[in-house]
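Okay, so here's the structure we're looking at.
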Amino acid sequence: MFNNKQNILKFLIEHRLFAPSVSAFATRLGYANRTKIYRLINNKIRKIETVDQIWDDTCRVFGISEEQLIEIAIITERAKWFYDLIDNYQFDKESSLWPEQILAAFIDKNYTNLPTHFVDEVLPVLEDLKKENEEVFFGMLMLFYVKAKKLNPYTSSFKQSLSKLIRHLNEYFHSLHPENNVAYTAIQALTADALLNNILPCLWKLIENPILILQYYADPRFLNSALHLGTIFPEWGEISYWHASGTDFCKGQKVWMFMSRESDSIYHGSYIVHEFEIGKDNETFIPCKLFILLFWNKEDDEYDSIIQISNFISKENNSYSFSYGLYRYIESSQEIQIYFDTENDNIYQLPYQLTRIKIGYPYKEKQEKIWSYFIEKFDNKDARTIFSENLCNLLNVEYLEDEYVIQDVTLTRKYYSLSIEKDDQQIVYRISLDTYSFLKNLSVFEEVVVCRHDHKLCIEWPWLGYIIPVSEFECIKVDITHYGVGASEKSLQ
């Protein structure tokens, strides 16, 4: 069926992937005359150049590659096939969430609630399709879901419908996987107005980003690799300091402390930023705001790249806010220029040009020499301690790695186990790998700590973004010399 461009275009137009009708599709491509598209549908185009033009225009208007256009056709064909299969195998549809339950079965690879005949006869085929191309497989599931829920992208409320769809799926899967805050956080970014406002209203765009939701919750490693959007600037180091370009070091001026996050997680490429205000004695720095900057990877040298600004989830603010601008990094002068469409996008009132303060650098300019001198004293004294304490207070997290020392981590085919020492007492905790899907992908070398989160003792993998209450672990061994037989999770409290 998909052996040439004309067949692919015809199939996608007929199935309304990009527009609700032939005439609407022609209008979307900017064609004043819709005759060309009707001729394509009726197989009456004689010149291959005409088909090539429609093909290229479709890719350009909808921001997709030729390979993606072919994949979208395959996704559409397989989604229709999958939808018919669900009807043929008499799935239980009494619950209004039956489509979500089918998605969850494939995300968790738990097929116990699916019809036996379906599992025996169809599941092997589906597993082969997934191995062949995971993006096509999850695209098929997402398009099936939209059809099963009878969602219509061709209304005046497309933006609201897409936002509602993303939020609903994120909340649903997070209720099944509360430990996966990484996916939950990443998906919230997909509902930012700056992104939704630039999405063309059509069936493909209704499922394009939600496909990521399925992939994020299905495979933590996919999430980690997919979210490497950010650029880490090695010359800045782990900690760097910045001031508004052209300003003197004096009372009331601001300085921004950047801490880089480089890891196999959502935090890769982001910078945690702490703003300070200079006090009256030049050695006092008053803590102000804490927020996150993400410098998106640059895709084209002709254009500036995107800077993403967001808040932290905290006791005072339980939802994310995102804003976007453009940035240009001038390496020779160590300056960042930032541009916003409106002042409202500059939610943390950043200056439009920042200069990096190079500690210990032999500046010739008196202005920069003064900045460097006082910031070096601040950095050597208590800057990092203040930064860490304020961040933990904001997040309502207390890290207890000095009090609860993890001596060893073991991983078997069934369990993930931790050997913890507290006050010279040894405790071993374990959790079944089946409890949460991400546990099966852990390494014994992954950083893990004990922390108190919202007054609850937890085990956290800080670089991955996962956290599990200690109460969910089983105590399988206790040093009876100190505790006596029968000690349990309370031993850690």
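The values are calculated or read from the model by the stated rules, or taken from the named source; none is laboratory data. These numbers were taken from a predicted model, which means no experiment stands behind them. Neighbour counts are summed over all protein chains in view; Cβ atoms, including those assigned to glycine, are modelled from backbone coordinates with ideal geometry.
For the subset of segment 347-373 comprising residues that are among the aromatic types (Phe, Trp, Tyr) and assigned to a loop (DSSP other than H, G, I, E, B), which member is nearest to residue 237 (Cα to Cα)?
Looking at the filtered set, the residue picked out is 361.
Within segment 445-477, how many residues turn out to be modelled with pLDDT under 90, over 23 Å from the mean Cα position of the chain (by Cα) and farther than 18 Å from residue 392 by Cβ?
4
Of the numbered conditions (1) under 24 Å from residue 136 (Cα atoms); (2) surrounded by fewer than 13 Cβ atoms within 10 Å (Cβ to Cβ), residue 44 satisfies every one except a single condition; which is it?
(1)
Just checking, which of 380, 344, 396 is over 25 Å from residue 235 (Cα atoms) and without any contact (Cβ under 8 Å) to a residue 60 or more places away in the chain?
On the way: 380 fails: over 25 Å from residue 235 (Cα atoms); 396 fails: without any contact (Cβ under 8 Å) to a residue 60 or more places away in the chain.
After ruling out the rest, the residue left standing is 344.
Could you tell me whether residue 323 is under 23 Å from the mean Cα position of the chain (by Cα) and either at pLDDT 90 or above or not in a helix (DSSP H, G or I) (or both)?
When the stated conditions are applied, residue 323 passes them.
Within segment 108-133, work out how many residues are touching a helix residue (DSSP H, G or I) at 6+ places or on another chain (Cβ under 7 Å) and among the charged types (D, E, K, R).
Initially, segment 108-133 is screened for residues touching a helix residue (DSSP H, G or I) at 6+ places or on another chain (Cβ under 7 Å), giving 108, 111, 113-114, 122, 129-130.
With the extra rule that they be among the charged types (D, E, K, R), the set shrinks to 108, 130.
Of the residues in that region, 2 qualify.
Kindly establish whether residue 392 is part of a strand (DSSP E or B), closer than 30 Å to residue 290 by Cα and under 27 Å from the mean Cα position of the chain (by Cα).
Judged against the criteria, residue 392 is not a match.
Looking only at helices (runs of 4 or more DSSP H) that fall completely inside segment 98-169, which ones have 1 or more residues that are among the aromatic types (Phe, Trp, Tyr), surrounded by 15 or more Cβ atoms within 10 Å (Cβ to Cβ) and in contact with a strand residue (DSSP E or B) (Cβ under 7 Å, 6 or more places away or on another chain)?
none
Confirm whether residue 386 is closer than 23 Å to residue 234 by Cβ and crowded, with 16+ Cβ neighbours inside 10 Å.
When the stated conditions are applied, residue 386 does not pass them.
From the list 98, 81, pick out the single residue that is at pLDDT 95 or above, within 19 Å of residue 175 (Cβ to Cβ) and outside the structural domain of residue 19 (by TED's automatic domain parsing).
Residue meeting the stated conditions: 98.
Yes or no: residue 437 modelled with pLDDT of 85 or more, surrounded by 15 or more Cβ atoms within 10 Å (Cβ to Cβ) and either more than 30 Å from residue 282 (Cβ to Cβ) or of a type in the set (Lys, Arg) (or both)?
So residue 437 does not fit the description; no.
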